[in-house]
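Have a look at the structure below before the remarks.
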Amino acid sequence: MKGIVILSFWLSVLPGMAAENISFRNDREGKSFYSDKSHERDIRRVLRRVALPEINESFKKVLSKLESKSLCAYDLNQSLKNELTRYSNQLYPYEGVVYQLRKSDLIDDVVARILLNAQKTVTTKLVPKKESDIYFPGGDNSEKIMVLIQEFEEKFLKNTCFDDAYRALYADVKNADKELDSSKMEAYLYKAQKENRVSVELYKSLEQARVNGLEDASLSLKAYYQKIKSLRTQYPLRTNNERSNYPTAKANRLNMSRRQKLYQSYSDLQIIMMGNIVSFVRARLEDTRVDLVSYNGDEITHIEPTTPTDRFNYAILHLRRQITLLSTNTYFSGRTPDFIDDVLTAAYEVGITPAVEMDTLAGLKDVWDPKKSFWQKSQMWVRSFSSVAAIAIPAPFGFVPTLALIVIEATSGNKNKGSTQVDPTRWFQQ
Amino acid sequence: MKKTISAILFSSFLVSSLSAHTFDAVVRDGKGAKISEVTLNDLTSQNSFEGKYFKIVKGKDETPISFTEKDEKLLIKAATTYHHLTVARDYFVDKLKSSYVASLKQMTIRLDHTNQFSELGHYAHDNYEPQFNNALTIPAGSGLASRNIKPWEIEIWFRPSKSIHLNDLKVNSLGSREVKSLMSNYRNQIHMQSVQRFLAQNVTALTVDNMPTSPLALDNVMRIVGSSLMIELGYQFIDPLSKMFSRKWYSLETALVPEIIYHEYAHAALSDSLVLSHSTAIIEGMADFFAGQIADSPKLAMHIKKYNTYNGKNAKRKQDYMIQFEMGEYANTDFVFGLLWELKNILGENKGEAFMYELRKTLTTNSSIRTDLIEGIISTCDSECDRPFNDKIRILKALNLRGI
């Protein structure tokens, strides 16, 4: 009996003590965000120097040595480069290696971006500085700040990744100098290097970090791994084969994909909350009956059925309401996520929405925010210039631009009902 | 020997029992129409327009029209209706695999028939409001034995054409409202523009020395006021003006318009679900849809001015839903036709056609557009669509855009 208890104990503990297999395999993304001609060109240049199996094997080897507690993009990049020197010493763009790893689905676009950002930071060419160009701010805390920079390696870098360490340094420096900005940080670092408080190599690294704005919140490899692990534990994927191009499409007005934006901007809990909105709305869209019930006290006085399109509009209003209410949630702190880039991508990420439904659900936005045709967009300008032309052109020829205006307004595209045209026969309108 | 003769006689009987003859008929030629030779199949008579599925008669006669009919126009009508009804029947039987249509008994097709329909007596009195410029599909009736009125099967009646003056036409006002609204907008713009021009000229006169013409000069004022006055007069007299420039006489020869023939047959083909009791938006819209499918065109009875001077129907006309479309007097607008055509394109040509045919099972003649038709579409999609959730969303989006 005692033996069974001890055996059970070890059987439950041992798996956790075993080394965790780190994997960044792509399990959701379709066509990569990094798949245009320039990326393909870099891949070809790499493959002329190093074979594809060698790249993949090297990466797997490097990954096998990593632990979840110390996942660093900078270290991973360096280890991979070291591993690849066994096969080729010739120059090739390291970015091409990352693109190839993505093409092989060994990593996804989010990891690719993290690795590429790290690579970009360490390869940033620094402009030589003249002392006369640097304005040192001075102040009571300047010595304290110098000490912080001096102790960077010992205090910050010892047990964390370089980017996290730099962010921690920046935060402490900002505590000492409330008006810290990039130019001041530049001056502090320069002075620290001049006073030999830090080595030239370390100064170079810190300066590269400053130039690339590493102090701004950016997704680290470790943070991403933790998020994805949490999501996959709570929402295991029904199938590992599902892929979609929706999350890898470019996010609106940003130079990153929707999925990259999602993980960079939201925590795993926020992603789950956004995904649940879609789950809720999907159920509303599937409802077969919606009645408006009137009560007087506890007594039902009237039941008003709704039409199918009323139900549809009701579901859309629900969706918009839920998204807006998120901003009042403490986890979102006043931030309203975007339906197309954030909410839908989150729903796909946690497996609530299958890939085949993504574009259809994205099309729901046209109901309350329809895409405007070229004519509709240009109507405002046509109207303005026609009005001026109508006055400026002498009578009776002023008819012409006015007539043109009327014809354009009458014939341009689909009529957008919008909220300004209320149809009293419909219960719900956008 | 006897056996051989019997075999020869039997086979010739078989051949002659379903024979084919060629006649001139109206057929579509691209967008327009022309008279062309067609082969009429499944004829059971050697000398008249009687076939396995259709019997073409004139008015209340029961005798089919002879091939040697002297009235050439009647002959063309007989050939045209027989030909296109056969096309329509083949569509329902061969393409849609309709067992109901395949089991329909021989239909009597009445040409140049002016009597109104009576559910009891088959025909209303000869003098009671004779009908023209129309076509009608009547349900089967059990007759009235006490009055020697025999039972009848489903029939299609084609009225003769008659030129009717514009003033005697009863049209719904929906179209003219849109035109008036545009004119009102234009009038308001012109008045505003005149006032603005006058004000701009006055401001310019105050700020600029030595202007060539004074804004208050008579010719300038007359020009500005005159242009506004012209538009105002045009707006106020828009109805008589549009009548002045419109076509005066309207007529419709229904038996010579292929899509109308298809439309009427579609009523018969759908009568297993959509009872032929009265005209409603749903029953007319569904018939229009299948007429369009058979004709392979979203336009019905258009580009055939020789036989139809009215407006036809166009599935691609952009129309938003109006509550008036639910009313019987607006049953013949093309809103439902356009809606079903659009939904067919959303689902795909082949899938959409089969879908619409299944849709009829969820509808009745009295179904409303906004509730029953849409519910029917959604429930049909649950069973017929490849991806019900996706397709339903796309359908509902399209319906929402139409203001339903």
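At a probe radius of 1.4 angstrom, the accessible area of segment A:31-180 per residue rounds to 55 square angstrom. Of B:Leu144, B:Gln116, B:Ala102, which is farthest on the positive side of the dipole of segment B:102-161, counting Cα position, with +1 on Lys and Arg Cβ, -1 on Asp and Glu Cβ, and the Cα centre as origin? Final value for the positive-end residue is B:Ala102. Given a Förster radius of 30 Å and the C-beta distance between A:Gln150 and A:Glu67 as r, what FRET efficiency does 1/(1 + (r/R0)^6) yield to the nearest 0.05? After rounding to 0.05, the efficiency reads 0.55. Annotation: amide H-H contacts under 5 Å for A:Ser257 (H modelled 1.01 Å from N, sequence separation of 5 or more, or interchain): A:Ala251. B:Ile377 contributes about 0 Å² of solvent-accessible surface, heavy atoms of the protein only, 1.4 Å probe.
In this structure, the amide hydrogen of B:Leu40, modeled 1.01 Å from its nitrogen in the peptide plane, lies closer than 5 angstrom to those of B:His21, B:Thr22, B:Phe23, counting only residues at least 5 positions away or on a different chain. Close amide-amide hydrogen proximity is noted between B:Glu155 and B:Ile138, each under 5 Å apart and 5 or more residues distant or on a separate chain (H modeled in the peptide plane; Pro and chain starts excluded). Note on B:297-310: average number of Cβ atoms from other chains within 10 Å of each residue's Cβ is 0. Ordered by solvent-accessible area of protein heavy atoms (1.4 Å probe), largest first, the residues B:Ser227, A:Ser182 come out as A:Ser182, B:Ser227. Residues B:Phe54, B:Phe237, B:Phe67, ordered by accessible area of protein heavy atoms at a 1.4 angstrom probe radius and largest first, appear as B:Phe237, B:Phe67, B:Phe54.
Restricting to DSSP H runs of at least four residues, report the calculated mean residue ellipticity at 222 nm for chain B, -39500 (n - 2.57) per run over all residues, nearest 500 deg cm²/dmol. If you can, show how the numbers build up before the last one.
Values: 12 runs with 176 residues, N = 404.
The per-residue figure over chain B is -14000 deg cm²/dmol.
For the peptides A:118-131, B:182-195, the ranking by packing is B:182-195, A:118-131, with the highest mean count of neighbouring Cβ atoms within 10 Å listed first. Could you state the angle between the C-alpha long axis of helix A:374-392 and the longest principal axis of the C-alpha atoms of chain A, as a value from 0 to 90 degrees rounded to the nearest 10? With both axes taken from Cα atoms, the answer is about 60 degrees. Distance distribution note for chain A: the fraction of Cα pairs above 27 angstrom is 68%. Our coupling estimate for segment A:79-89, obtained by passing each phi through the Karplus curve with A = 6.51, B = -1.76, C = 1.60 and θ = phi - 60°, is 4, 5, 4, 4, 5, 6, 5, 5, 9, 7, 9 Hz, Gly and Pro reported as x.
In this simple spin-label approximation, B:Asp29 and A:Arg243 carry label points 7 Å from Cα along the Cα→Cβ vector, and these lie 5.6 nm apart. In the complete set of protein chains, residue-level accessible area for B:Leu144 is approximately 50 Å², probe 1.4 angstrom.
Largest first and in whole Å, what are the equivalent-ellipsoid semi-axes of chain B based on the Cα gyration tensor, each being the root of 5 times an eigenvalue? Walk me through the numbers on the way to the answer.
Numbers: eigenvalues 553, 145, 80 Å².
Semi-axes, largest first: 53, 27, 20 Å.
When the chymotrypsin sites (Phe, Trp or Tyr not before Pro) in segment A:49-148 are filtered for DSSP coil states and for at most 16 other beta-carbon atoms within 10 Å of their beta-carbon, the remaining sites are A:Tyr87, A:Tyr135. Taking θ as phi - 60° and the Karplus parameters 6.51, -1.76 and 1.60, the scalar couplings of segment B:355-362 work out to 4, 5, 5, 5, 4, 4, 5, 8 Hz in sequence order, x denoting glycine and proline. Figure legend: label point modelled 7 angstrom from the Cα of B:His125 along Cα→Cβ; no residues of segment B:141-155 have amide N under 11 Å from it. Between chain B and chain A, the total buried accessible area stands at approximately 3200 Å², from heavy atoms with a 1.4 Å probe.
Of all DSSP bridge pairs formed entirely within segment B:91-173, close to 65 percent run antiparallel. Packing around the peptides B:206-213, B:258-265, taken as the average count of other Cβ atoms within 10 Å per residue, puts them in this order, highest first: B:258-265, B:206-213. Under 13 Å of direct C-alpha separation, and excluding same-chain neighbours fewer than eight residues apart, A:Lys129 reaches these aspartates and glutamates: A:Glu186, A:Glu207.
Peptide A:200-207: average number of partner chain Cβ atoms within 10 Å per residue? Can you show the working numbers first?
On the way: counts 0, 0, 0, 0, 0, 0, 0, 0.
For this peptide, the per-residue mean of nearby foreign Cβ atoms is 0.
For A:Ser378, tell me the accessible area in Å² from a 1.4 Å probe, rounded to the nearest 10. It works out to around 20 Å². Computed from label points 7 Å out along Cα-Cβ, the spacing between A:Glu143 and B:Val275 is 10.3 nm. Separation of the alpha carbons by more than 28 angstrom is noted, of B:Lys60/B:Lys105; B:Lys58/B:Lys150; A:Lys31/A:Lys158; B:Lys150/B:Lys305, for A:Lys31/A:Lys158; B:Lys150/B:Lys305.
Suppose the chain between B:Ser103 and B:Lys305 were pulled fully straight at 0.36 nm per residue; how much longer would it get relative to their current alpha carbon spacing?
Details: separation 202, 0.36 × 202 = 72.72 nm, distance 3.61 nm.
Contour length minus Cα-Cα distance gives 69.1 nm.
Rounded to the nearest 10 degrees, the angle from helix A:94-103 to the longest Cα principal axis of chain A is 50 degrees. What is the angle, in °, between the Cα long axis of helix A:308-326 and the longest principal axis of the Cα atoms in chain A? Nearest 10 is fine, range 0 to 90. Taking the Cα atoms of chain A, the angle to A:308-326 is about 40 degrees. The trypsin sites (Lys or Arg not before Pro) found in segment A:142-183 that occupy coil by DSSP, while having at most 12 further C-beta atoms within 10 Å, are A:Lys158, A:Lys178. Largest GNM mean-square fluctuation among B:Gly143, B:Gly234, B:Gly121, using chain B with Cα springs under 10 Å: B:Gly234. Neighbours of B:Lys73 by Cβ distance under 15 Å: Lys/Arg scored +1, Asp/Glu scored -1, total 0. With a Förster radius of 60 Å applied to the C-beta separation of B:Lys95 and B:Val195, the computed FRET efficiency comes to 0.45.
Ligands, DNA and RNA left out, the accessible area of segment B:14-117 computed with a 1.4 Å probe is 48% carbon and sulfur.
Residues considered: B:Arg197, B:Arg394, B:Arg317. Largest GNM mean-square fluctuation over chain B, using C-alpha springs under 10 Å, is found at B:Arg197.
Given a Förster distance of 22 angstrom, what is the FRET efficiency for A:His302 paired with B:Thr364, based on the Cβ-Cβ distance and rounded to 0.05?
On the way: r = 27 Å, r/R0 = 1.21.
After rounding to 0.05, the efficiency reads 0.25.
Where in segment B:86-116 does the amide nitrogen come within less than 17 Å of the point 7 Å from the Cα of B:Asp61, taken along Cα to Cβ? Zone members listed by number: B:108-115.
Each Lys or Arg adds one and each Asp or Glu takes one away; over the other residues whose Cβ falls under 12 Å from the Cβ of A:Asp291, this sums to -1. Shown in residue order for segment B:251-261 are the 3J(HN,Hα) couplings computed by the Karplus curve 6.51 cos²θ - 1.76 cosθ + 1.60 at θ = phi - 60°: 8, 8, 9, 5, 6, 10, 10, x, 5, 5, 5 Hz (x for Gly and Pro).
Comparing A:Asp291, A:Asp366, A:Asp338 in a Gaussian network model of chain A where C-alpha atoms under 10 Å apart are linked, the largest mean-square fluctuation is found at A:Asp291. Peptide B:194-206 shows a mean partner chain C-beta count of 2 within 10 Å per residue C-beta. At 25 °C and 0.890 mPa s, grab the translational diffusion coefficient of the protein assembly as shown from Stokes-Einstein with a Kirkwood Rh over Cα pairs, rounded to a whole number in µm² per second. Rounded to a whole number, D works out at 70 µm²/s.
Across segment A:205-266, the volume of the C-alpha convex hull divided among the residues equals 117 Å³ per residue.
The values are calculated or read from the model by the stated rules, or taken from the named source; none is laboratory data. Computed from a predicted structure; not experimentally measured. Because the Cβ atoms are built from the backbone with ideal geometry, glycine has one as well, and the counts that use them run over all protein chains shown. Areas reflect the complete protein model, heavy atoms only, side chains present, ligands, DNA and RNA absent. Shrake-Rupley method; radii C 1.70, N 1.55, O 1.52, S 1.80 Å.
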